[in-house]
Amino acid sequence: MAQWAKEGHFDERIFQAFVKSIGIYPTGSLVKLKSGRLGVVVEQSSGSLLQPMVRVFYSTKANEPITPELVDMAQSADQIVSRESPSAWGFDNLDRFWRQVA
């Protein structure tokens with residue numbers, strides 16, 4: 001969609017407002033970090049759509065749960081590398097992670 005907006009298929013201002021409202025990684029999305037941890041996006045960042053707040057809870061390297069930790073991607077050396085399918089990882093209820101109070 002971003003490419004289409006640049007090519008004139010969408011009004012650029014409306015596209016930017018749309019992206020800001022849902023984010024690149026919408027709240028509740030499962031994401032994989034460069035460190036190999038999985039987390040759920042819990043809040044959008046006002047500074048960058050690529051750096052939301054993420055609650056990490058699983059290590060793909062150890063293939064097991066870890067103590068949940070809230071990570072501000074804008075303040076972290078870690079990075080989001082992909083959006084993941086919860087069902088592919090066997091997670092059926094991510095609500096318990098992103099609805100927690102930090």
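Numbers at a glance
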| item | result |
| --- | --- |
| Stokes-Einstein translational diffusion, the chain - Kirkwood Rh over all Cα pairs, 0.890 mPa s, 25 °C, in µm²/s | 171 µm²/s |
| Selected from ALA88, ALA62, ALA17 as most flexible by GNM, with the chain as the system and alpha-carbon contacts under 10 Å | ALA88 |
| Distance between modelled label sites at LEU50 and ARG83, nm, 7 Å Cα→Cβ extension | 1.6 nm |
| GluC sites (Glu not before Pro) restricted to the stretch 1-74 and DSSP loop, no more than 11 other C-beta within 10 Å | GLU7 |
| GNM top mover of GLN79, GLN44, GLN16 - the chain, alpha-carbon springs below 10 Å | GLN16 |
| Where trypsin sites (Lys or Arg not before Pro) fall in DSSP loop in the stretch 1-99, at most 11 other Cβ within 10 Å | LYS61 |
| Folded to 0 to 90 degrees: helix 12-22 orientation relative to the chain principal axis, Cα | 20 degrees |
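Quick note: the coordinates plus some simple rules give every number you see, no bench work behind them. Just so we're clear, the structure is a prediction, and the values are computed from it rather than from any experiment. Neighbour counts are summed over all protein chains in view; Cβ atoms, including those assigned to glycine, are modelled from backbone coordinates with ideal geometry.
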